[in-house]
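Here is the structure we will look at.
Every number in this text was worked out from the coordinates using simple rules, so none of it is lab data. On a predicted model such as this, the values are computed, not experimentally measured, just so you know. Methodologically, a virtual Cβ is constructed for each residue, glycine included, from the backbone with ideal geometry; neighbour enumeration extends over all protein chains shown.
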Amino acid sequence: MTEMEFQLSAIIKCSGSLTGISSAEIADFVLYCNETLLKKGAPKGGGAAIDWWNVAEEKLELKLVSDRYVRVHDALLRLKKELAKFLGKHRIGLRGVEIQVYEMTLDWDEDWQLKKLPFVKQMNQENGRLKLSLDVDEFALGNRIPDRLLKLLGDKKEAAKWKGKSEHWELLFESEKKPYYFDKDPTEEMLNRGWIRHAAGRGQFIYGPQITKIFRAFERILFDEIFTPLGYEEMIFPKLVTWDVWKRSGHAKGIYPEAYYVCTPKSRDPEYWEEVMDYYKVTNEVPLDMIMERIENVGGMCYAQCPPSWVFLQGKTMPDDILPIKVFDRSGTSHRYESGGIHGIERLDEFHRVEIVWIGKKEQVIEHSKQLQDKYRHIFEEILGIEWREAWVTPWFMAQEGKAGLSELKEAGTTDYEAVLPYSGKLLEFQNVSVNGNKYPKGFNVKLQSGEELWSGCSGVGLQRWAAVFLAQKGFDRDNWPVKFRDVVGELPEVFRFL
Ligand code: ATP
Ligand code: ZN
Ligand code: MG
């Protein structure tokens, strides 16, 4: 039994009856296909073959079989071209192909059960073999759906292998122990002090003047310690992200459970919406069902910040001498559906992050990530005075594609910054530095004049997470804050009082 077997039954419809062609002539054609056409490119003994055929008026019915070389859908394409030539001699044209059966069988000794797969109408998993029966038409075959299903199965297998093991995590650096001046939950404390209030949405807060000033102080530190000395310029990235972007960034492979989805009205004609408006006016209830029928999804809210910025460079070629490029964005919110995981300002559905992006040749990008890491160490050590550590972890896009093993190469990958929250003893990831390899330039088709490979990196500074860590360790008594940080923050404004 070969490792992979494919079977396809199809009816090829023609423009005229085939009964006028002698069966010897057809048999010759089939022989040519089986000996030459469907074997081309396959190692000896491999390839595809017409296993059975039958002529019925203007229809040619046939069954194709193959191994992993010249898979039956590729064989069908070759056959169609050759058949068109053959029938052309008899002044008969091809009208269409109806796929009746498409089956593939492969070695599969996984002990976990596969769930529903796209285009698969039946599956059978036993005795170390997996048999899939596909519901595909000619168009789907043209889009190489069977090949992509095999790739998906390979990814799932790889992901399952890494699932049991804990995510790759390796300590890179650990600061000295620092004194903690607080043992409570900083979110609770800020709520008590009226620094923040729960907003109407889940995982969303309104940030009062004091904490906002602290966020802005963090940003000023980034300016003074990183952006100015390292030559960064500010940009404004979009905050509504369309599917095209997430397809290119890879997020379309897995973002679904955490996305905030965005919809547009199917029409802006007020009449189209009149029923909805009237319903609201007479019930004071917003009729969600009626709204859902009248809107369509276009993408989602900003999730990872840098992906939509790549459209700026999409399809462009850049001269080598402008590298490395260093830009950042702090222009808006990020949104993630964190479900039950939301916790105070540590895990929000709506948060604020400064996203730092650098682009260059491989060595430039790796080198710059080291510079950034040095700057961050200086900030955490000399200005915020916090206790933290750095760890090398599997980046999301590698984990998602079952490529966790790749990050062990230590070139492309993510460094997470974690700090302990004394009130709970738990560690919180408060920012990251990622070298993303050629992922984004490749996804968005950005090239260099020299033809050399373009790489990029990004680093997301979560303002709420910085605040959560700082306040959890240092507390709210400013006398316990490092002098340098106190100087950057200045006085905390008192604006509101309530009766
Ligand atoms: P976590 O493991 O805590 O969910 P993540 O791995 O999903 O974090 P990234 O995708 O690496 O986070 O996002 C980069 C940065 O964005 C984080 O380091 C953090 O500062 C911030 N961030 C991510 N999710 C949230 C959230 N729900 N609330 C607040 N900040 C967040
Ligand atoms: Zn990014
Ligand atoms: Mg997360």
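Could you tell me how many degrees, from 0 to 90 and to the nearest 10, lie between the Cα long axis of helix 72-88 and the main elongation axis, the longest principal axis, of the Cα atoms of the chain?
The angle comes out near 40 degrees.
Shape verdict for the chain, please, from the Cα gyration tensor: rounded (a/c under 1.5), prolate (a/b greater than b/c) or oblate.
prolate
Ordered by packing density, taken as the mean number of other Cβ atoms within 10 Å over each peptide's residues, highest first, how do 64-74, 274-284, 489-499, 374-384 rank?
Final packing ranking: 64-74, 374-384, 274-284, 489-499.
With the cut-off at 31 Å, tell me which of the pairs Lys157/Lys442; Lys131/Lys163; Lys63/Lys116; Lys266/Lys442; Lys44/Lys253; Lys184/Lys213 have Cα atoms farther apart than that.
Lys266/Lys442; Lys44/Lys253
Treat each spin label as a single point 7 Å out from the Cα along the C-beta direction, and report the Arg377 to Thr228 distance in nm.
Those two pseudo-labels are separated by 2.3 nm.
Sort Trp169, Trp53 so the one with the fewest other Cβ atoms within 10 Å of its own Cβ comes first.
So the ranking, lowest neighbour count to highest, is Trp169, Trp53.
If a paramagnetic tag sat 7 Å from the Cα of Glu188 along the Cα-Cβ line, which residues of the range 470-499 would have the backbone N under 18 Å from that point?
470-477
So if R0 is 25 Å, what FRET efficiency would Arg78 and Ser23 give, r being the distance between their Cβ atoms, rounded to the nearest 0.05?
Calculated transfer efficiency: 0.70.
Report, in deg cm²/dmol and to the nearest 500, the calculated mean residue ellipticity at 222 nm for the chain, where each DSSP H run with n ≥ 4 adds -39500 (n - 2.57) and the sum is divided by the residue count.
-9000 deg cm²/dmol
Using alpha-carbon positions, what is the distance between the centroids of the range 247-315 and the range 407-479, in Å?
Using only Cα atoms to place each centre, the spacing works out to 29 Å.
Please determine, in degrees from 0 to 90 and to the nearest 10, the orientation of helix 270-283 with respect to the longest principal axis defined by the Cα atoms of the chain, where the helix direction is its Cα long axis.
In the chain, helix 270-283 runs at an angle near 50 degrees to the longest axis.
Using the alpha-carbon centroid of each, what span in Å lies between the range 166-207 and the range 332-387?
Here the answer is 15 Å between Cα centres.
Between the helical axis of 209-222 and the dominant principal axis of the chain, each derived from Cα atoms, what acute angle in degrees is found, rounded to the nearest 10?
That works out to roughly 70 degrees.
In nm, to one decimal, how far is the Lys447 label point from the Val311 one, both placed 7 Å along Cα→Cβ?
2.3
For the range 4-162, build the charge dipole from Cβ charges (+1 Lys, Arg; -1 Asp, Glu) around the Cα centre, then report which of Leu153, Leu132, Leu94 sits farthest towards its positive end.
Going by the charge dipole, the pick is Leu94.
Hey, if you put +1 on the Cβ of every Lys and Arg and -1 on every Asp and Glu Cβ in the chain, which of Ala49, Ser17, Leu172 ends up farthest toward the positive end of that dipole?
Ser17
So how do Met318, Met290 line up by other beta-carbon neighbours within 10 Å, fewest first?
Met290, Met318
For Ala42 and Glu411, calculate 0.36 nm times their separation in residues minus their Cα-Cα distance, and state this gained length in nm to one decimal.
129.2 nm
Among Ser459, Ser22, rank each residue by its count of other Cβ atoms within 10 Å, from fewest to most, as a rough exposure measure.
Lowest count first: Ser22, Ser459.
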